[in-house]
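The values are calculated or read from the model by the stated rules, or taken from the named source; none is laboratory data. In this text the structure is predicted, and so the values were computed from the model without any measurement. Every residue, glycine as well, gets a Cβ built from its backbone with ideal geometry; the counts of neighbours run over all protein chains shown. When the accessible area is computed, the model is the full protein with side chains, heavy atoms only, and any ligands, DNA or RNA have been set aside. Shrake-Rupley method; radii C 1.70, N 1.55, O 1.52, S 1.80 Å.
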Amino acid sequence: MRALPVGDAALLVEVSSGDEAQALHAELVRRRAEGSLSVREIVPAARTLLLDGLTDPARLAAELTASEIPPAPPRAREVIELPVHYDGPDLADVAAYWGVAPEEVASIHAGTEFTVAFCGFAPGFGYLTGLPARYDVPRRATPRTAVPAGSVALAGPYTGVYPRSSPGGWQLIGTTDAVLWDHARVPAALLSPGTRVRFVGAA
């Protein structure tokens with residue numbers, strides 16, 4: 001683990017894997033909740049966490065790098081279910097990468113429980129992990145200039161749902177009507193780090 005200073009009141013903590021990042025995120029959120037850690041923001045990414053609003057970043061950096069990351073706590077009980085039509089334009093390509101029939105992509109994907117590892121790219125966009133490494137797929141060689149909102153997509157080890165229309169290079173396998181970001185909702189984001197997610201095939 002490395003802890004790098006960012007300005008006067010922040011640290012960027014680097015770990016070696018996504019699992020470690022998720023476990024450390026859960027531990028730091030727990031410590032903030034119990035009052036043993038004073039930090040304004042904890043922002044996880046693939047293998048880093050940004051801690052902002054620290055009063056003594058150097059002391060925390062020394063503490064973190066001298067300690068081991070505790071195991072991740074048991075997952076929250078609630079599972080968010082997202083209905084999805086497996087009708088994406090890249091479904092056949094993904095099936096070819098996986099070496100299965102197109103209809104099997106839907107059963108494999110819907111049969112997996114995902115966890116939101118971190119959020120980014122656009123408000124409401126979560127990077128979901130859960131598929132075994134053998135199902136990693138590359139990004140498209142040529143990104144699309146506009147991916148429709150609600151597109152369910154794959155890239156590398158991640159699944160994501162586009163919360164709004166935007167350019168993108170992920171492989172599109174389906175669509176959902178779920179609203180990922182709603183300013184009128186509290187919280188506005190449907191998905192947050194640590195959320196458990198299942199995709200349910202829609203008729």
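Summary of computed values
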| quantity | calculated |
| --- | --- |
| Residue check for residue 193: in a strand (DSSP E or B), at negative phi and in contact (Cβ under 8 Å) with a residue 12 or more places away in the chain | no |
| Residues of the stretch 1-29 satisfying the condition of being of a type outside the set (A, V, I, L, M), open to solvent by 60 Å² or more (accessible area, probe 1.4 Å) and out of contact with any Pro (no Cβ under 7 Å at 6 or more places or on another chain) | 2, 7, 8, 16, 19, 20 |
| Filtered residues of the stretch 45-70 (kept if under 13 Å from residue 5 (Cα atoms), over 25 Å from the mean Cα position of the chain (by Cα) and not small (Gly, Ala, Ser)) | 55, 56, 57, 59, 60 |
| Residues satisfying the stated conditions in the stretch 88-135, i.e. acidic (Asp, Glu) and either more than 25 Å from residue 193 (Cβ to Cβ) or without any contact (Cβ under 8 Å) to a residue 24 or more places away in the chain (or both) | 90, 93, 103, 104 |
| Qualifying residues in the stretch 30-61 (those that are assigned to a helix (DSSP H, G or I) and without any contact (Cβ under 8 Å) to a residue 24 or more places away in the chain) - the one most open to solvent (accessible area, probe 1.4 Å) | 59 |
